[in-house]
Amino acid sequence: MQHPKYPNLFSKGKVGKLTVKNRVIRNSMGTYLNVGKLCDVSDRNIKHAAEAAEGGPGIVFLDNCLIVDGYHMGLAAYDDTYIPGLSMIAQAMHDHGAVAGMQLAHPGRDMGFAGGDNVVAPSAVLPEIMINAGATVPRPLTIDEIHEIEEQYGQAAARVKQAGFDIVEVHGACGCLPTNFLSPHDNQRNDIYGGSLFNRQRFLVEVIRSIKRYVGPDFPVSVKLDMDDCEPDGIRLEECIDTCRVLEREGVALLNLVTATHVTANFSTSFYPWSYCADMAAQVKEQVRIPVMVTGAIQSPEAAEKILADGKVDFIGTARQCLADQAWVEKARTGHEDDIRPCIRCQIGCTDRGILGHHPISCAVNPTLFHYYEELYPKAATPKNVAVVGAGPAGCEAALTLKQRGHNVTVFEKREIGGTMIEAGAAWYKADINRFIDYYRKQLEKQHIDVRMQEVTPQDIADGGYDACIVAIGGEPRKLNVPGIDKPIVTEGIDFLYGSKKVEGKSAVVVGGATTTAEIALDLAEKGMDVTIVKRGTKFLNPAGCQMDIEYTIRLHQLGVKLMTGYRLDSVTDSSAIAIDQYGEKVEIPTENVVISAGYLNRPGFAEQLEEISDMDVYMAGDCKKVAEIPDATHAGYAVARMI
C-alpha cells in the first residue's frame, strides 16, 4: 500500500537483486565504538546495529571495516578472526528488519589522522592543514603493494559476505585511499596508476574486480564517491561522472554520492543549504542506469520525499540525522514527525569532538546516543514534584527526562522557550537551531508538562512545595567596566542577536573572541559594514578543531573583516573605540558602533540562595553552572534529571 504522505520515500527499491523495503539508507560513520587497538567488535557495535536497523532504514551501513592491519575509528576485516563478531552485527540488522551492509575502507593518507601508523598513499602528498596538525606525510605505494591492497579488498569482502552481510561497499570518498588515487592533486604518480583520469581510475577498478572475484558477480557492491572533494585542484563532478560510468560497466550495483573529505568537512555545516548535494547527484543519475544515492543535509522526511519525487536520485542517504534520532525513519513512516529530534548541523559532537577528537561520536541534540551501558529513562522509585527554572536546552532536556521517569514537573521561564538558543539561532545559517527549539516546544506540550512563562525567585521555589529543583537559568553576559561603556554607540551582542537593539551605519567594532563574536561580525559585514574585531587573546577561534570556525574564518576574511588580536577595549568615545595592547600602546578605531561580545559568566547565585533557604535538593545544569555549548547543556540537563 502506498504511503499517504511519503509515497516515494516508503516505496520498495532494488539494488542489484536485493529488494529494499524503502528508499532510506543509513550511511556509515566511524564511531570509535570498537574495542581496543585491534578494532574488535564490541557489544556497543552490536547494539548500535540493532538500534539503527530498528529505526527503519532499508539498508544499514555501520562504521566500516579496515582491510589492512591497523587502528582506526571503525572495525576490521583483514583476517578471519573478525568473522564471528561481524556476523553478530549482520544478524542484529536482520533481526530488526534491515538489509545488512558493511563498508570496506583503507584510510590512505588519512591513516595517521585515524590513529594508524602505516600511512601510505599513491604519492607523498598531504593537505597543509593535516601537516600543521602533526599528521604523517604518506609513503608512496609501490606497484606490488598496490596489487596486494587490491587483493586485501577482495579477501575482506569475502569475509563480510561470509559473516552474513547482504551488500558490501567500497569507501572511495572523504580522503580514503581510492580518493587519493582519483584526485589529480593527491595522485602525482607517473606510472600506470597516475596521470590521466583513466590511469587514476585504475586502482578503484581493480579493487572492484578483486571483490567480484572473491564474492561472485551477483553479490551487490556499492561504491561511495566524492562528486567534489572540495579540495584545491581535486576531484570535480565531471570526472566523478566518468568514474561512475566506468563503475557501472564493472558491475557496481549502487553509487553512494557525497561531497568533501575529512579535511573539508566544513562543507557539511549549516552554512550550506539543505540537500545541497542533490542537484549534483541528479547529474550523475542522468548518465547511469544503476541506482544512485545521495547524502548531504537531507534534514527532514519532507526534503527526502521531494528529492525522490523530483527524480534526482533513487535512494536517500542519512548519517548525522540518524545520530540525532536513530528512529527518525520509523517516526516519519508512522506519522510522528514532531517527535523527530532534528540535527542542527553543528558538527561539535560527531566531528569536532568525535572523529577529529578521537572520541566516540556524540550528538548535540541527543544525549542518550550510545548509552548502552544504562537504562535511558529509569523509572523513579518515588515520584517527586520537581521545579525546573529556565527553558533553555538544559532545562528543556531535564524537564522531558524527568517526565519520562515519572516525576511531576513544573518549568518556569521568564522569556521564551529556547533560552539563549534563540540568539544562537538568529543568523541565517543557524536556522536548524530554531527547529530544535520548536521540537522542545512541541514535546513539552505533548508531554503535558506545566510550563509557566514567569520569572521566579528562589523564595518562590522554596515556597512552592517542591521536592527538588533544577536550576538551568543560563549564564549572564560578561560586562566590561571601561570608560564610555554607556555611550549610545555601544550595544550588547545579546541584544543585537535577539533583535531588541539594531546596529546601523557603515562601521562597527566587535569586542570579543568566541563564536558569538564571529556571528555578529559576519552578520554586520554581510550588511556591508566595515567591521573590526578586537580580541584580547592572540588566537581567534579554533579552525584546526572546529568545522564552524573554519567557515567563520574563511567568510570573515572574504568580507574584509579586520582582526586585532592581543588588544582589549580600553574605552569608548562618541565616535571611536580605544584599544590597548599588553605593552600599553593604544589604538583609536573610528566607528559608529561598538558591539560587546565578551562571553558569558556562570550564574550560581540562584541555586546557592535556594539551598540556603530550603531543604530541597537543588541541582544546576547548563551555563549557570559552567559556560559551554549547546551539546554540553543538553547532556547536562539529561544527566542531572537522572539523579533525581
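When the chain is described by a simple charge dipole with +1 on each Lys and Arg Cβ and -1 on each Asp and Glu Cβ, the residue from Pro458, Gln103, Val125 located farthest towards its positive end is Gln103.
With the whole protein complex present, Glu374 retains an accessible surface near 50 Å², based on a 1.4 Å probe. For segment 376-477, the set of trypsin sites (Lys or Arg not before Pro) satisfying both a DSSP loop assignment and a count of at most 15 other C-beta atoms within 10 Å is given as Lys379, Lys414, Arg415. Given the alternatives [x] 20; [y] 29; [z] 23, percent of Cα pairs over 46 Å apart as computed for this entry is given by [z]. Largest to smallest in accessible area, the residues Met620, Met102, Met643 fall in the order Met643, Met620, Met102 (1.4 Å probe, all protein chains included). When a 1.4 Å probe is rolled over the protein heavy atoms, the share of accessible surface on the chain that falls to carbon and sulfur comes to 50 percent.
In terms of accessible area, using a 1.4 Å probe and ignoring ligands and nucleic acids, Glu375, Glu302, Glu397 rank largest first as Glu375, Glu302, Glu397.
One compactness figure for segment 36-176 is 1.09, namely its Cα radius of gyration divided by 2.2 N^0.38 Å. Surface calculation, 1.4 Å probe, protein heavy atoms: Thr410 sits at approximately 20 Å² accessible.
Look at the alpha carbon pairs under 8 Å that are at least 6 residues apart: their mean separation over the length of segment 268-381 gives a relative contact order of 20 percent.
Taken about its Cα centre, segment 485-644 carries a charge dipole of roughly 440 debye when the Cβ of each Lys and Arg holds +1 and the Cβ of each Asp and Glu holds -1. Among Arg44, Arg23, Arg213, the order of accessible area from largest down is Arg213, Arg44, Arg23, computed with a 1.4 Å probe on protein heavy atoms. Entry note, the chain: the mean residue ellipticity at 222 nm calculated from DSSP H runs of n ≥ 4, each adding -39500 (n - 2.57), is -9500 deg cm²/dmol after division by the residues and rounding to the nearest 500. About the centre of its Cα atoms, the chain shows a dipole size close to 1020 debye [charges on the beta carbon of Lys, Arg (+1) and Asp, Glu (-1) only; nearest 20 debye]. With both residues required to sit in the chain, DSSP beta bridges show an antiparallel share near 20%. Sparsely packed loop sites in segment 573-644 (the trypsin sites (Lys or Arg not before Pro) outside DSSP H, G, I, E and B with at most 15 other Cβ atoms within 10 Å) comprise Lys626. Think of segment 448-521 as having a plus end and a minus end, set by charges on the Cβ of Lys, Arg, Asp and Glu; of Cys469, Pro483, Ile449, Pro483 sits farthest toward the positive end of this dipole.
With all protein chains kept in place, the per residue accessible area of the chain amounts to 40 square angstrom at a probe of 1.4 angstrom.
With R₀ set to 45 Å, the beta-carbon distance separating Lys479 from Tyr276 gives a calculated FRET efficiency near 0.65.
Restricting segment 532-616 to GluC sites (Glu not before Pro) that sit in a DSSP loop and have at most 10 other Cβ atoms within 10 Å of their own Cβ leaves Glu585. Normalised by 2.2 N^0.38 Å, where N counts its residues, the alpha-carbon radius of gyration of segment 10-76 equals 1.26. The alpha-carbon of Lys306 sits under 30 angstrom from the alpha-carbons of these lysines, leaving out residues fewer than 8 places away in its chain: Lys5, Lys12, Lys14, Lys17, Lys21, Lys224, Lys285, Lys331, Lys430, Lys442, Lys446.
The values are calculated or read from the model by the stated rules, or taken from the named source; none is laboratory data. What you see is a predicted model; the values in this text were computed from it and never measured. Heads up, the Cβs are rebuilt from the backbone with ideal geometry, glycines too, and the neighbour counts pull from every protein chain shown. Remember, those area values only see protein heavy atoms, side chains included, never the ligands or the DNA or RNA. Shrake-Rupley method; radii C 1.70, N 1.55, O 1.52, S 1.80 Å.
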